[in-house]
Amino acid sequence: MFQAQSCLTCKEPLQGRSDKKFCSDQCRATFNNQNRKPHEEAIKKLNAQLRKNRTILKTLCPTGKATVRREVLTEMGFSFRHFTSAYGKSSDLYFLCYDYAFKPIVERSQEHGTMIQKVLIVQQQDYMKSFDPWEHLIQS
């Protein structure tokens, strides 16, 4: 069995069990965080962005449906590249971030005739839970 003479993190002498590797929970956590594999760090960052995206969608959509300009989400730190699933067909595609969905839309400004990029935000509906990505590819 492994027997360390000193803490693997801070090198302080160990007391207690003979198989002890760390002097405290803090040293154990520090050691594990420093030795985390690179792919685990990437997953942690991705999950943090997904949680942030969901929080932004929920904040901007308190009543179940809302439309906001794209810039609002961007300024809040929203990443359009990160979502958990999709629903719909290419012409009517919603991107879900857990239980909130967003759909990019473009509106023409009446005043200037320019195109305005907006985002339709909705809470996930029951029918969105049974999405089959091959459905629109198969002809009856």
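Given 45/118; 58/129; 65/89, which pairs have Cα atoms separated by over 24 Å? Pairs exceeding 24 Å: 45/118. Over the range 34-102, the reciprocal of the mean inverse Cα-Cα separation, the Kirkwood hydrodynamic radius, stands at 13.2 Å. Taking θ as phi - 60° and the Karplus parameters 6.51, -1.76 and 1.60, the scalar couplings of the range 73-85 work out to 5, 4, 5, 7, x, 5, 10, 6, 7, 10, 8, 8, 6 Hz in sequence order, x denoting glycine and proline. Taking the Cα atoms of the range 78-140, the ratio Rg/Rh between the radius of gyration and the Kirkwood radius comes to 1.07. Each residue of the range 102-108 is assigned a 3J(HN,Hα), and the resulting list reads 10, 9, x, 9, 10, 10, 8 Hz, derived from the Karplus form 6.51 cos²θ - 1.76 cosθ + 1.60 (θ = phi - 60°), x at Gly and Pro. By the helix-only formula, in which each DSSP H run with n ≥ 4 contributes -39500 (n - 2.57) and the sum is divided by residues, the chain has a 222 nm mean residue ellipticity of -9000 deg cm²/dmol.
Residues 8, 73, ordered by accessible area of protein heavy atoms at a 1.4 angstrom probe radius and largest first, appear as 8, 73.
Other residues whose C-beta falls under 13 angstrom from the C-beta of residue 47 contribute a net charge of +3, scoring Lys and Arg +1 and Asp and Glu -1. In whole percents, the pair-distance distribution calculated for the chain from its alpha-carbon pairs, binned every 5 Å from zero, is 2, 8, 13, 13, 11, 10, 8, 7, 6, 6, 6, 5, 2, 1, 1, 0. Accessible area of residue 71 (1.4 Å probe, protein heavy atoms only, ligands and nucleic acids ignored): about 90 Å².
Think of the chain as a dipole: +1 on every Lys or Arg Cβ, -1 on every Asp or Glu Cβ, centred on the Cα centre; then among 7, 128, 114, 7 lies furthest on the positive end. Using Cα atoms only, what is the angle between the long axis of helix 38-60 and the major principal axis of the chain, expressed in degrees (0 to 90) to the nearest 10? It is inclined by approximately 40 degrees. Distances between placed amide hydrogens fall under 5 Å for residue 116 paired with 107, 108, 109, all partners being 5 or more residues away or on another chain. Ordered from highest to lowest accessible area with the whole protein assembly present and a 1.4 Å probe, 27, 10 read as 10, 27.
A Cβ-based charge dipole, computed about the Cα centre of the chain with Lys and Arg at +1 and Asp and Glu at -1, lands at about 440 debye.
Entry note, the chain: relative contact order of 17 percent, from Cα contacts under 8 Å with a spacing of 6+ residues.
The values are calculated or read from the model by the stated rules, or taken from the named source; none is laboratory data. None of the values given here were measured: they were computed from a predicted structure. FYI the Cβ positions are ideal-geometry reconstructions off the backbone, even for glycines, and counts take in every protein chain you see. Calculation scope for accessible area: heavy atoms of the full protein, side chains included, ligands and nucleic acids excluded. Shrake-Rupley method; radii C 1.70, N 1.55, O 1.52, S 1.80 Å.
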